[in-house]
1. Kindly list, by first and then second residue, each pair from a residue in segment 78-103 that is farther than 13 Å from residue 52 by Cβ to a residue that is not in a helix (DSSP H, G or I), limited to pairs with Cβ atoms under 7 Å and residues at least 6 apart or on different chains.
2. Go through segment 1-42 and count every residue that is of a type in the set (Gly, Ala, Ser), surrounded by fewer than 13 Cβ atoms within 10 Å (Cβ to Cβ) and at pLDDT 80 or above.
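The values are calculated or read from the model by the stated rules, or taken from the named source; none is laboratory data. These numbers come from a predicted model, not from an experiment. Cβ sites come from the backbone with ideal geometry, for glycine too, and all protein chains shown count toward neighbours.
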Amino acid sequence: MGHTAFGGQSVYSQTEVVNLLLGISIIPILLGTHAIVPSRHTSGYAAAYVFMLASYVSTVAEGYLLPDVFNFIEHGALAVAGCLFAVTLFLRRREQQRNLRES
């Protein structure tokens, strides 16, 4: 943990803030990639990404208010994101295998 401007301990780690900033900064890249390479699975990936960002926001927010609530949201959102990524990847792989068999 770092120090705040007032000399106390900060309520979040620098890693948590960096994860949040990186997650937000990747959004334009993802939007540009979607415009170039559209996929019918984009909504699954996007939903998983939104849940992942919600987890990052909750991680930082729990240091400021309602720590138990935001901790629950953080872990729940990350679990949902993982499940969505897994299901979407499974569906995409199954579709690619079907396409290979048909060609």
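1. Partner pairs satisfying both residue conditions: 91/41; 92/41.
2. Residues of segment 1-42 of a type in the set (Gly, Ala, Ser): 2, 5, 7-8, 10, 13, 23, 25, 32, 35, 39.
After this cut, where a residue has to be surrounded by fewer than 13 Cβ atoms within 10 Å (Cβ to Cβ) as well, the list is 2, 5, 7-8, 25, 32, 35.
Within this subset, residues satisfying the condition of being at pLDDT 80 or above are 25.
So the answer is 1.
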